[in-house]
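The values are calculated or read from the model by the stated rules, or taken from the named source; none is laboratory data. For clarity, every value in this text was computed on a predicted model and none was experimentally measured. Quick reminder, even Gly has a Cβ in these numbers, built from the backbone with ideal geometry, and neighbours come from all protein chains shown.
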Amino acid sequence: MPSHLTTTHTPTTATPVNRPDEHSPPSTPHPALGPYHDGREMALGIVLAGLAGAMGAAAWLHTDGWYVTFMTGNTERMILEHAKGEHVLGISALTTVLVFILGVMVATWARIRWWRKSRHGATVLTTGAAYLAWFADVATEGASDLFGVIPVLCLAFGLGALNTSVSRNNQVAMPLSYVTGTLVKMGQGFALHMARVSRWVWVSQAVTYAGFLGGILTGAVLFVSAGTDDTLAVLAVLCTLITLATWRLDHPLYAVKDAGKA
């Protein structure tokens, strides 16, 4: 056979195509997602912000005006109450701030040591704090006001822990009860969108804020219906339901991406 008619078949090796895991967070998320990996994590953030709002509502209604989500106000009170001669109130405000910080510390440490592959451990801590607040309220019923502050401190601890839920490299990326910062970023996002500098960056802040508002509203309806005496019991049950819901919404790949080099 003539050489020019000879056909040489060279085996070819198919180039593997790297297909992204359909469950993995997108590498370039939409600006509207903000710090969230994807829509599923945004839903998780909204639910957790709602829980933060409900806890704040429970504390306020149970104590007739004590905020556990407003550490700026408590920081002011821990000094200004002394100026008015209300030294016990000043010390209680300081204790609330310290317990809130302790909740952040414990949740962060526990995440590094124990639940590096799952982020809903913070929600479990928050639920435990809600039950402890309920039990402490029952145990201290009829006691002095000094013991009556214990349930509030339990809620402050739980809120501190809850705020570590959406973190990156062990730094909080989306605070859940820090509404002042959320509103500042949301307002900046509105201005950036209107100026056509960066579009839709306000969405993640807006929906998280909406979740916080929804939690307050839901909590108010439930707690007022149940009565002041049973507010903490209803909150504990609500925390349990939300913990189960977030257990399903959370994804282990998020924890892997969040952990960084920690």
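Before moving on, here are some points about what is shown:
- Checked against the criterion of being at pLDDT 90 or above and part of a helix (DSSP H, G or I), the candidates LEU213, LEU244, LEU222, LEU176 yield just one match: LEU213.
- Residues in region 83-96 that are crowded, with 16+ Cβ neighbours inside 10 Å and without any contact (Cβ under 8 Å) to a residue 40 or more places away in the chain: LEU89, GLY90, ALA93, LEU94.
- Candidates PRO35, PRO25: the one that is assigned to a loop (DSSP other than H, G, I, E, B), modelled with pLDDT of 70 or more and either in contact with a Phe, Trp or Tyr (Cβ under 7 Å, 6 or more places away or on another chain) or under 27 Å from THR240 (Cα atoms) (or both) is PRO35.
- Of all residues in region 208-231, those that are more than 16 Å from ASN163 (Cα to Cα) and touching a residue at least 60 places away in the same chain (Cβ under 8 Å) have Cβ atoms under 8 Å from Cβ atoms of residues that are part of a helix (DSSP H, G or I) and of a type in the set (Phe, Trp, Tyr), 6 or more apart or on another chain, in THR231/PHE223.
- Cβ-Cβ under 7 Å pairs, at least 6 apart or on other chains, region 190-204 side surrounded by 16 or more Cβ atoms within 10 Å (Cβ to Cβ) and modelled with pLDDT of 90 or more, far side hydroxyl-bearing (Ser, Thr, Tyr) and not in a helix (DSSP H, G or I): LEU192/SER198; SER204/TYR36
- Verdict on THR208 being among the polar types (S, T, N, Q) and surrounded by 15 or more Cβ atoms within 10 Å (Cβ to Cβ): yes
- Qualifying residue in region 60-67 (condition: out of contact with any helix residue (DSSP H, G or I) (no Cβ under 7 Å at 6 or more places or on another chain) and buried (at least 16 other Cβ atoms within 10 Å of the Cβ)): yes
- Helices (runs of 4 or more DSSP H) lying entirely in region 57-148 (those with 2 or more residues that are at pLDDT 90 or above): 71-83, 87-113, 121-139
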